[in-house]
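Have a look at the structure below before the remarks.
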2 protein chains.
Amino acid sequence: MVGPTRFMTLLSCFELGVVDALRDRPGRTAAELGQVVGAKPDAVEQLLHLLVKEGFVGYDEGAGTYVLDGLAEVPEKDLRRALTYMNMIKVVALRQLFHLTDSARSGTLVGLKELYGYQGTLYGAVAEHRDLREAWATLMDTVTANIDPWFFGVIDVPSGARVLDLAGNTGLGAINTYRMKASPGLRVTTFDLPEKEAECLANFKLQGVEEHCSFIGGDVFDGVPEGFDVVLIKHFLDMFDKDDVFRILQAVNRSLAPGGQVNIMVPVYPEDIRDSTNYNVDFFPAFFIGATMGQGGPQKLSTYRRWLVECGFEVTKTVTKDSAAVPPDVIPVQAVLCATKTH
Amino acid sequence: MVGPTRFMTLLSCFELGVVDALRDRPGRTAAELGQVVGAKPDAVEQLLHLLVKEGFVGYDEGAGTYVLDGLAEVPEKDLRRALTYMNMIKVVALRQLFHLTDSARSGTLVGLKELYGYQGTLYGAVAEHRDLREAWATLMDTVTANIDPWFFGVIDVPSGARVLDLAGNTGLGAINTYRMKASPGLRVTTFDLPEKEAECLANFKLQGVEEHCSFIGGDVFDGVPEGFDVVLIKHFLDMFDKDDVFRILQAVNRSLAPGGQVNIMVPVYPEDIRDSTNYNVDFFPAFFIGATMGQGGPQKLSTYRRWLVECGFEVTKTVTKDSAAVPPDVIPVQAVLCATKTH
């Protein structure tokens, strides 16, 4: 019940600059903080109560002064990542979730339509709306930078392979593939909607990989290009309901020769859904249905494994990220599934 | 971080009718539930994950069927009260809180202006916007019905007293006073803005107390009517910052003769703000600053006590509601302060 107010109270103390003001000079009063951040001292005092309660900030009752407590120990880099997450949730989801029930009923993003007049998914809306794009893209770049090294450490890409990065957006995944799995003759192709081509090719050039990376424009639901040994599917399957996941996996299967490989990275729910150390079910259903796709959401690893088999693959390897190794401010617990086409 | 998504996922399962469908007929599958509530089974399954995680709903993995678990034991009346609260928070606060930082900076309700084009407080906006009014008034009636008997059990109203119910809205507090503290000659007057008069007098008539209850129109910040023995201030002081609380208490003090009484009911923060069993600081600062007033928020009992003394009162009695006696779905922990004018 207090989830929305807790979320915004904490974020607001950062947005106002109260936390920075206490880092710059500890031991300030509410009156001093109010002057620094341009808010009434009463409001600063009210909002800081929660941070004191949670041990993020300390309060000296006698002197009426505040210092950073738990927050003082959080490295700047971790804090920035957490705030990037919180800002994304605020901009992309908070108001949109008001319409969650209608979104679930209609399978469309009612919140996006009501707030922005946009009909479609978040991935289309970010192209038109700067506030959504900045909140979303900043987070996704952070997520990719943090998780891609792990993904490429887990998967095997044969020397000289032809790799297709499915729904590879503007090429970051292809660039990372080339860099982290380098081998003589390795070629990586980004496959995504045609409108991504120009930016993708520019990125390849900028990163000096244009001789090894290329782009194919198309829609995965119309078919997947053939002639590749390895297909990568990162941050994608969780966006869809079962019927569409099957369409994707079957299309990938058709595109591969027997023995061809698929490597999937996707957030997964814990096998025991009641596992209280994993926050994926607290977040993703509402986020996908109400704020990004109007459908979708992750599955358990065992479900993805079964679906792969049903779509003609043999699963050769699965690794779930150790949730103890996931920073506490990062919600998704990711898994990698490696599979080979059997028929 | 997952506060907003958790909140709306839970509420949405009620709004969709999934919980009712499981109460009507336990053991339904996601496919059956989807058909009953008019949503895709995938969405029902995704949203129910959180309720399974929290033990509200049980899931039989083998059969793929759901039953009410923890929710089965919650009496209908408690569930209705919790949903009234959640709906109020959704309608009055969820989207508005997006603008909390700007509201704290400006001391105005930026969310109300952005969403409704309304400049003013929630208490003005409810008069013009039915969705806000219905969500808000339904909750406030529930709150008053649950808490007024406790308040009147704590306070003492001398026989035949002339009682003023400060900011008494449309008369419910006056009616309750007359009913619960009846004595020969008792007279209760509702004091509120003049536009409340017609509805208030109609309520007095409807309840058959029009010979004992009356209305005076005015604004507490312009002065409090004289000639009363007892002033009641319920659900009001927490709406204001310290300077306005002082203006109110000083105006009440001026209006009373020495020995005159004031009885205050207000939510209070725990004396140890880090008390984790009390959710008032999780809720009220953001709620008052971002969604209802642009200022305000409760204080500790000790703070209100000190402020009363500073405004010329002697505190004769304080009682804080036992938080164990507050249902888990009710956020405010209320206190009563009784005081007598000394100078």
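The values are calculated or read from the model by the stated rules, or taken from the named source; none is laboratory data. Only a predicted model underlies this, so the values are computations on that prediction, with no experimental measurement involved. Positions of Cβ are backbone-derived with ideal geometry, glycine not excepted, and every protein chain shown enters the neighbour counts. We work out accessible area using only protein heavy atoms, side chains counted, and drop any ligands, DNA or RNA first. Shrake-Rupley method; radii C 1.70, N 1.55, O 1.52, S 1.80 Å.
Give the share of C-alpha pairs in each 10 angstrom bin for the range A:123-223, from 0 to the last occupied bin, in whole percents, shortest bins first.
Calculated P(r), rounded to whole percents: 15, 44, 35, 6, 0.
Treating the point 7 Å from Cα along Cα-beta-carbon as the label, what are the nm separations from A:Pro184 to the other copies, to one decimal?
Counterpart label points of A:Pro184 in the remaining copies fall at 11.4 nm.
Give me a single rounded figure for B:275-283: the average over its residues of other chain Cβ atoms within 10 Å of their Cβ.
For peptide B:275-283, the averaged partner shielding equals 5.
Given that compact globular proteins tend to follow 2.2 N^0.38 Å, what is the ratio of the alpha-carbon Rg of the protein assembly as shown to that value?
The value comes to 1.11.
Per the Kirkwood definition applied to all pairs of different Cα atoms, how many angstroms is the hydrodynamic radius of the range A:180-292?
Taking the inverse mean of 1/r over all distinct Cα pairs, the range A:180-292 comes out at 16.5 Å.
Can you figure out the FRET efficiency of B:Tyr123 with B:Ser323, using R₀ = 25 Å and their beta-carbon distance, to the nearest 0.05?
0.40
Treating the Cα atoms of chain B as identical point scatterers in vacuum, please give the log10 of the normalised Debye intensity I(q)/I(0) at q = 0.06, 0.11, 0.12 Å⁻¹, two decimals.
Log10 of I(q)/I(0), two decimals: -0.26, -0.81, -0.93.
Between A:Glu211 and A:Glu271, what is the FRET efficiency for a Förster distance of 60 Å, r being their Cβ-Cβ separation, to the nearest 0.05?
0.85
Amide H to amide H, which residues 5 or more places from A:Thr65 or on other chains are under 5 Å from it, using H placed in the peptide plane?
The list, which skips near neighbours in sequence, is A:Asp60.
Might you report the magnitude of the Cβ-based charge dipole of the protein assembly as shown about its Cα centre, with Lys and Arg at +1 and Asp and Glu at -1, to the nearest 20 debye?
That gives the protein assembly as shown a dipole magnitude of about 140 debye.
Which net charge results when you count Lys and Arg as +1 and Asp and Glu as -1 among the other residues whose beta-carbon is under 12 Å from that of A:Gly296?
-4
Kyte-Doolittle mean at least 0.0 and Cα extent at least 27 Å along the axis: which DSSP H helices of chain B qualify?
B:130-154
Provide, for q = 0.12, 0.21, 0.22 Å⁻¹, the log10 of I(q)/I(0) from a solvent-free Debye sum over equal Cα point scatterers in the range A:259-343.
So the normalised log intensities work out to -0.39, -1.00, -1.06.
Take every Cα pair under 8 Å in the range A:2-68 that's 6+ residues apart, average their separations, divide by the length, and report that relative contact order as a whole percent.
Over the range A:2-68, the number comes to 35 percent.
Quick check on the range B:1-148: what does the Kirkwood estimate of hydrodynamic radius come out to from the alpha carbon pairs, in Å?
Here the Kirkwood hydrodynamic radius works out to 17.2 Å.
Around A:Gln46, what is the net charge, scoring Lys/Arg as +1 and Asp/Glu as -1 over all other residues with Cβ under 13 Å from its Cβ?
Summing Lys and Arg as +1 and Asp and Glu as -1 gives -1.
Calculate for the protein assembly as shown the 222 nm mean residue ellipticity that helices alone would give, adding -39,500 (n - 2.57) per DSSP H run of length 4 or more and normalising by residue count, nearest 500 deg cm²/dmol.
-13500 deg cm²/dmol
With a bin width of 5 angstrom, please list the P(r) values of the range A:17-86 as percents of all Cα-Cα pairs, from the 0 bin to the one holding the largest distance.
4, 17, 28, 27, 16, 7, 1, 0
Enumerate the calculated ³J(HN,Hα) couplings along the range B:59-69 in order (Karplus 6.51 cos²θ - 1.76 cosθ + 1.60, θ = phi - 60°), each rounded to whole Hz, writing x wherever the residue is Gly or Pro.
With coefficients 6.51, -1.76 and 1.60, one gets 10, 9, 4, x, 7, x, 10, 10, 9, 5, 10 Hz.
Can you find, among A:Gly297, A:Ile331, A:His343, the residue sitting farthest towards the positive end of the charge dipole of chain A, where Lys and Arg contribute +1 and Asp and Glu -1 at Cβ?
Ranked along the dipole, the leading option is A:His343.
How many Å² of accessible area per residue for chain B, probe 1.4 Å?
I get 40 Å² per residue for chain B.
In whole Å, what are the Cα extents of the range B:197-251 along the three principal axes, biggest one first?
38, 23, 17
With the contact rule set at Cα under 8 Å and sequence spacing of 6 or more, what percent relative contact order holds for chain B?
15 percent
Percent of accessible area on the protein assembly as shown owned by carbon and sulfur, 1.4 Å probe?
Reported share for carbon and sulfur atoms: 50 percent.
For the range B:48-111, what is Rg from Cα atoms divided by 2.2 N^0.38 Å, rounded to two decimals?
Taking N as the residue count of the range B:48-111, the ratio is 1.68.
With solvent modelled as a 1.4 Å probe, how much accessible area in total do chains A and B shield from it at their shared surface, in Å² to the nearest 100?
5800 Å²
Checking buried surface per residue: for the range B:3-21, which residues lose a minimum of 10 Å² accessible area in the protein assembly relative to the chain alone (1.4 Å probe)?
Flagged in the range B:3-21: B:Gly3, B:Pro4, B:Thr5, B:Arg6, B:Phe7, B:Met8, B:Thr9, B:Ser12, B:Glu15, B:Leu16.
Considering Cα pairs under 8 angstrom that are at least six residues apart, work out the relative contact order of the range B:90-214 and quote it in whole percent.
17 percent
Taking the Cα-to-Cβ direction at A:Arg133 and at A:Arg306 and moving 7 Å from each Cα, how far apart do the two end points lie in nm?
In this crude label model, A:Arg133 to A:Arg306 measures out at 4.2 nm.
With the label 7 angstrom out along Cα to Cβ, how close does B:Glu134 come to the same site in each of the other copies, in nm, nearest first?
3.7
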